[in-house]
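Student: Please see the structure below; I have some questions.
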Amino acid sequence: MLGIDIALLVCGAALLVVAVGLAGGRLGRRAETQQRRLQGEHNAELEKRRLQERCTICGESIDPAHDLWDAGAWWHRGCYREVVR
């Protein structure tokens with residue numbers, strides 16, 4: 001009887017380990033999917049912002065490090081100089 005009890009205990013422990021492993025794998029995939037979705041949303045927001053950052057005069061993309069923000073819009077330095085003259 002003691003041998004049967006030990007065998008059942010070992011089998012139960014093995015099943016528990018397998019169940020936890022499967023659940024952990026599922027949770028890991030779910031977390032990875034969630035992370036990918038959040039990264040996609042972040043990338044979409046950056047792309048949307050980049051597309052909105054266009055020169056008011058010529059409509060071409062600007063570089064925020066070199067171009068100007070004035071009167072609620074982006075301007076290339078050259079375009080801005082032409083308008084101000």
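Student: Restrict the check to the stretch 4-19 and report whether at least one residue is at positive phi and surrounded by fewer than 10 Cβ atoms within 10 Å (Cβ to Cβ).
Tutor: Pass one, the stretch 4-19, residues at positive phi: none.
No: the stretch 4-19 contains no residue that is at positive phi and surrounded by fewer than 10 Cβ atoms within 10 Å (Cβ to Cβ).
Student: So in the stretch 37-64, with the set limited to residues that are in a loop (DSSP other than H, G, I, E, B) and modelled with pLDDT of 85 or more, which one is nearest to the chain's Cα centre (by Cα)?
Tutor: Kept after step one, since they are in a loop (DSSP other than H, G, I, E, B), are these residues of the stretch 37-64: 53, 56-60, 62-64.
Applying the additional criterion that residues be modelled with pLDDT of 85 or more yields 56-60, 62.
Details: THR56: 30, ILE57: 33, CYS58: 32, GLY59: 28, GLU60: 27, ILE62: 24 Å.
Taking the candidates together, the pick is ILE62.
Student: Continuing with this model, one more query. Could you tell me whether any residue of the stretch 29-41 is touching a Pro at 6+ places or on another chain (Cβ under 7 Å) and of a type in the set (D, E, K, R)?
Tutor: Within the stretch 29-41, the first condition is being touching a Pro at 6+ places or on another chain (Cβ under 7 Å), and the residues that meet it are none.
No, the stretch 29-41 has no match at all.
Student: Is it the case that some residue within the stretch 17-28 is touching a Pro at 6+ places or on another chain (Cβ under 8 Å) and without any contact (Cβ under 8 Å) to a residue 24 or more places away in the chain?
Tutor: Kept after step one, since they are touching a Pro at 6+ places or on another chain (Cβ under 8 Å), are these residues of the stretch 17-28: none.
No, the stretch 17-28 has no match at all.
The values are calculated or read from the model by the stated rules, or taken from the named source; none is laboratory data. Note that this is a predicted model, so its numbers are computed, not measured. For neighbour counting, all protein chains shown are included, and Cβ atoms are generated from backbone atoms with ideal geometry for every residue, glycine included.
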